[in-house]
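Notes for the one structure printed next.
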Amino acid sequence: MRHLDTDTLAAFLAIYHYGSFTQAANQLGKTQAAVSLMLRRLEKQLGQRLLERSRHGITLSEAGEKLIGYAQRLLALEEETLAALGCLDAKTRIRIGMPDDYLGTIGAALIENFSQKYPQFQIEIVSDLSLKLEKMLDAGLLEMAILTRLPGDISGEFLRQEAQLWCTAPGCAPESRNVLPLVLFPEGCRSRPMVLAALAQARLRWRVVCSSSHLSGVQTAVRVSQAVTVLPASVIPNDWRILGPNEQLPALPALDLALKVPADAHIGTRRLAQFIRELAARPLAETPPSLMPALR
């Protein structure tokens with residue numbers, strides 16, 4: 001009779017989630033050689049390759065795609081069993097990081113829906129730039145994080161893609177000015193270099209009139225300065241103007257939103273991660289119909 005070892009399954013998940021044998025080993029407190037051996041043993045036991053390695057990173061094979069959901073549920077069930085028997089410390093606080101952009105959409109859903117379903121867990125949302133949140137997660141200051149990935153980055157677990165759109169407040173016409181007034185998130189924002197590169201390629205004149213690390217600050221500055229900004233499609237207010245080719249503004253690349261969860265996450269964090277996966281899989285109901293063609 002064959003049995004699946006949960007430590008080996010945890011190694012398989014860690015390698016996939018982190019996209020690196022080295023990072024998986026560090027997270028699990030093992031050597032890279034030990035983690036590689038655990039994966040080889042699992043593949044030998046199942047008689048199938050689970051992960052494919054290439055210059056683009058680590059991806060799931062067809063067998064790996066089938067196994068990953070079962071592996072996550074088996075590890076969650078093991079932890080639930082141990083928790084029910086009093087073998088685990090009760091950890092109720094879950095610190096999740098996410099960019100300020102998503103507080104009104106994802107953040108609100110976590111507070112309203114997840115907290116109602118699991119009142120024993122206390123959700124603490126930390127809002128900052130993705131770059132800073134990543135460092136906090138690596139330092140153990142967060143249990144998990146939702147991040148904007150850099151182009152070409154395949155780390156973490158892909159949640160969805162968001163269109164980046166030029167927009168401005170009602171009654172504003174910044175595109176009519178000779179020098180385009182911009183309101184942007186500050187240096188360190190992963191979207192900012194994309195925006196400035198697109199403007200440079202289009203040979204448009206611009207100046208940053210204000211930078212703010214919070215969405216509310218960006219929106220206020222746009223109204224006060226009669227400026228333009230760039231936001232993910234799902235967080236643009238319904239009454240704002242969407243700008244694009246008709247206003248001579250260049251197209252922008254979409255943003256990848258990813259979830260990062262440590263392989264040794266406790267039961268509450270795993271439940272929250274699953275809730276976020278299901279939330280991300282839903283249609284963007286709050287997005288104005290006029291924006292839906294822009295989403296990919």
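The values are calculated or read from the model by the stated rules, or taken from the named source; none is laboratory data. Nothing here was measured: the structure is a model prediction, and the numbers come from that model. Quick reminder, even Gly has a Cβ in these numbers, built from the backbone with ideal geometry, and neighbours come from all protein chains shown. Only protein heavy atoms, including side chains, enter the accessible area calculation; ligands, DNA and RNA are left aside. Shrake-Rupley method; radii C 1.70, N 1.55, O 1.52, S 1.80 Å.
Could you grab me the full set of residues in region 23-38 that are closer than 23 Å to residue 76 by Cβ, modelled with pLDDT of 80 or more and in contact with a helix residue (DSSP H, G or I) (Cβ under 6 Å, 6 or more places away or on another chain)?
As a first pass, look at region 23-38 and keep what is closer than 23 Å to residue 76 by Cβ: 23-30, 35, 38.
Restricting the remaining residues to those that are modelled with pLDDT of 80 or more gives 24-25, 30, 35, 38.
Selection gives 24, 25, 35, 38.
Every residue, every condition in (1) at pLDDT below 85; (2) in the same structural domain as residue 203 (by the TED database); (3) not β-branched (Val, Ile, Thr), yes or no:
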| residue | (1), (2), (3) |
| --- | --- |
| 247 | no, yes, yes |
| 269 | no, no, no |
| 273 | no, no, yes |
| 286 | yes, no, yes |
| 291 | yes, no, yes |
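Per-residue answers, yes or no, for (1) touching a helix residue (DSSP H, G or I) at 6+ places or on another chain (Cβ under 9 Å); (2) modelled with pLDDT of 90 or more; (3) aliphatic (A, V, I, L, M):
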site: 153; (1), (2), (3): no, no, no
site: 163; (1), (2), (3): yes, yes, yes
site: 169; (1), (2), (3): yes, yes, yes
site: 181; (1), (2), (3): yes, yes, no
site: 185; (1), (2), (3): yes, yes, no
site: 197; (1), (2), (3): no, yes, yes
site: 201; (1), (2), (3): no, yes, no
site: 214; (1), (2), (3): yes, no, no
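I need the strands (runs of 3 or more DSSP E) fully contained in region 126-233, keeping only those with at least 1 residues that are in contact with a Pro (Cβ under 7 Å, 6 or more places away or on another chain). Talk me through it step by step, then tell me what you get.
On the way: elements: 144-149, 157-162, 164-168, 180-184, 206-211, 229-232.
Filter on region 126-233 gives 144-149, 157-162, 164-168, 180-184, 206-211.
Which one is most open to solvent (accessible area, probe 1.4 Å) among residues in region 36-69 that are under 18 Å from residue 156 (Cβ atoms) and part of a helix (DSSP H, G or I)? Top of the filtered list is 65. Taking residues in region 110-131 that are assigned by the TED database to the domain that holds residue 100 and without any contact (Cβ under 8 Å) to a residue 24 or more places away in the chain, and partners anywhere that are surrounded by 15 or more Cβ atoms within 10 Å (Cβ to Cβ) and of a type in the set (Val, Ile, Thr), the pairs with Cβ atoms closer than 7 Å and at least 6 places apart or on different chains are 111/123; 115/123.
If we keep just the residues of region 12-22 that are surrounded by 14 or more Cβ atoms within 10 Å (Cβ to Cβ) and without any contact (Cβ under 8 Å) to a residue 60 or more places away in the chain, which is farthest from residue 149 (Cα to Cα)? Outline the logic, then answer.
Just the residues of region 12-22 that are surrounded by 14 or more Cβ atoms within 10 Å (Cβ to Cβ), to begin with: 12-21.
Add one more test, that the residue is without any contact (Cβ under 8 Å) to a residue 60 or more places away in the chain, and what stays is 12, 15-16, 21.
Details: 12: 22, 15: 18, 16: 16, 21: 20 Å.
Once the filter is applied, the top-ranked residue is 12.
The residue that is farthest from residue 73 (Cα to Cα), counting only those in region 1-22 that are charged (D, E, K, R) and not in a helix (DSSP H, G or I), is 2.
Residue pairs whose Cβ atoms lie under 9 Å apart, separated by 6 or more positions or on different chains, with the first residue in region 133-151 and closer than 19 Å to residue 275 by Cα and in the same structural domain as residue 102 (by the TED database) and the second open to solvent by 80 Å² or more (accessible area, probe 1.4 Å) and part of a loop (DSSP other than H, G, I, E, B), are 143/91. Under the condition of being among the aromatic types (Phe, Trp, Tyr) and either within 13 Å of the chain's Cα centre (by Cα) or at positive phi (or both), the residues counted in region 93-120 number 1.
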